[in-house]
Amino acid sequence: MKKYIQQTLLLLAILMPFTASAYDFSYRGIFYNKHGNEVAVTYKEFPYYNGHGVYTGDVTILDTVLYYYPVVGIESAAFYGCNELTSITLPNTIRFISDFAFYNCTGLTSITLPNSIKTIIGFAFYNCTALSSITFSNAVTSLGEKAFHNTAWYSNQPDGLVYTGSVIYEYKGTMPAGTSITIAEGTLAVGDAAFSGCSGLIGITFPNSLVAIGNVAFDDCSGLTSLEIPNSVTTIGNHAFHNCSSLTSVDIGNSVTTIKEQAFYKCDGLKRVNITDLASWCNIYFAFDEDDYFTSNPLFYAHHLFLNGEEVKDLVIPDCITEISKAAFYKCHGLTSVTIPNSINSIGYRAFYDCDSLQTVTCLGTMPPVMASSECFSTTTYNRAKLLVPRQSIETYKATNYWNKFVNIEGYGDAAPGDVNGDGVMKVDDVTTLIDALLTGDMDAIFIEAADLNANGRLDIDDVTSLIDMLLGS
Ligand SMILES: [Ca+2]
Ligand SMILES: [Ca+2]
């Protein structure tokens, strides 16, 4: 968590020299930046460390400026250090308040955050020491760390769970060992770093209203052993469960679409990932870290995926899926076979990488799906597993990156007329195979229906003649 704060401050420090007095226009004493057809409030000049902003007294932000532009947000450090600001009125067009937006506004005593606000970034009201009355938005789904720290309001909160409208902000004070927590029904989000370092936490129950779990939210919660992400949750933040070293089991709900960087990094005790819907799982965006090695997929640590209580060994990708997400089954050691339906257009980076038990990969499409990388499967799989494809498509797969890395490619299904040996193409060796079979009487190596070209239920020299005619004609 410390690292995260440092990164935020570092980012701000880097930002400073480039953003000084970078506003697009001013209107009635307020400075704005344009974002397409919308605008957001900014500062006149960046107040360097211990500097003061230009806004003073009672400020009302309009919902529309220049008769046209809706005001949708308060940008980074917009009111930074405005210690003579005595009140601020925000319109209900505001969707976000960015980091350090009201940092050090020591004259502010109360604020109403309209329900239009969905995002508040870290340190937004940090060090507003006189701010004792806050009316929170009930629509916030993303709340940065320490957004309301060092305020009179925060000082007045008793130890324990602290909510800020729709968000569980944090557990204030030291959590006793062996604590289990139930988050209140109606809560939309767990704030960034809300339970970071709570080693006393052994159980957490989320409500079915929850949609997002913030960054670093349960970082270092070393007492957590299991986790049920409800079906309402769509986003799991970066490092959300980083270093939850006792975690053995995690249930991922069927609405999750994004799991951010290193969400389960160092959850080395994980043994199982439980899901109820394969299609939802295949659609999750799993972030990679910078060096493209550690994925946010908990399966990377657990190695075993369970669908409605049963381990997924023979995986059949549902045919409503068109793309298999990158890292979707990375290090899923429980998989022994996978069937990829005709609906799949592409397979993401490392989707089946390090699936060491894979014996068979079956593709149902006559056109090979696009593999994002040679690392969709591991070298071990390319060398040892069998790739089964429609018989007429064997040559196509053999000519397509990176399917051609499979050493053993075999066809299934009926052979086309004339393809006596069923290798997917009609060539001279089909003639010799047929002649050999007729001479020896051994029919094991041939596809009889494909060889009986005149369809009279008999194999003889007439079929050989027809086959030669077909070859010559083609
Ligand atoms: Ca053939
Ligand atoms: Ca015949």
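What follows draws every value from the coordinates through simple rules; no lab data is involved. All figures in this text were calculated on a predicted structure; none of them were measured in a lab. FYI the Cβ positions are ideal-geometry reconstructions off the backbone, even for glycines, and counts take in every protein chain you see.
A single entry from PHE329, PHE300 fulfils the requirement of being aromatic (Phe, Trp, Tyr) and assigned to a loop (DSSP other than H, G, I, E, B): PHE329. Applying a threshold of 7 Å to beta carbon distances and a minimum spacing of six or more residues, or different chains, the list of pairs starting in the range 292-305 at a residue that is free of Cβ contacts under 8 Å to residues at least 40 places away in the same chain and ending at one that is in a helix (DSSP H, G or I) reads LEU305/LEU299. Checked against (1) under 57 Å from the mean Cα position of the chain (by Cα); (2) surrounded by 10 or more Cβ atoms within 10 Å (Cβ to Cβ), ASN456 meets all criteria but (1).
All conditions in (1) assigned to a loop (DSSP other than H, G, I, E, B); (2) in contact with a Leu (Cβ under 7 Å, 6 or more places away or on another chain) hold for VAL250, with the sole exception of (1).
Applying the selection to the range 437-453, what residues are surrounded by fewer than 16 Cβ atoms within 10 Å (Cβ to Cβ) and over 56 Å from the mean Cα position of the chain (by Cα)? Residues satisfying the conditions are LEU439, THR440, GLY441.
Scanning the range 289-311 for residues that are under 16 Å from ASN254 (Cα atoms) and out of contact with any helix residue (DSSP H, G or I) (no Cβ under 8 Å at 6 or more places or on another chain) turns up ASN297, PRO298, LEU299, PHE306, ASN308, GLY309. If the condition is being away from ligand 2 (no atom under 16 Å from the Cβ), crowded, with 17+ Cβ neighbours inside 10 Å and at positive phi, then the range 394-426 contributes GLY422, GLY424. Note on the range 352-461: enclosed helices (runs of 4 or more DSSP H) holding 3 or more residues that are within 15 Å of ligand 1 (Cβ to nearest atom) and touching a Gly at 6+ places or on another chain (Cβ under 9 Å) are 394-398. If the condition is being surrounded by fewer than 24 Cβ atoms within 10 Å (Cβ to Cβ), closer than 20 Å to ILE284 by Cβ and of a type in the set (A, V, I, L, M, F, W, C), then the range 189-211 contributes PHE206, VAL211.
Being away from ligand 2 (no atom under 16 Å from the Cβ) and not acidic (Asp, Glu) is the requirement here; does LEU364 meet it? For LEU364, the condition - away from ligand 2 (no atom under 16 Å from the Cβ) and not acidic (Asp, Glu) - is met. Within the set THR380, THR362, THR366, the sole residue that is over 22 Å from the mean Cα position of the chain (by Cα), within 20 Å of ILE321 (Cβ to Cβ) and exposed (fewer than 15 other Cβ atoms within 10 Å of the Cβ) turns out to be THR366.
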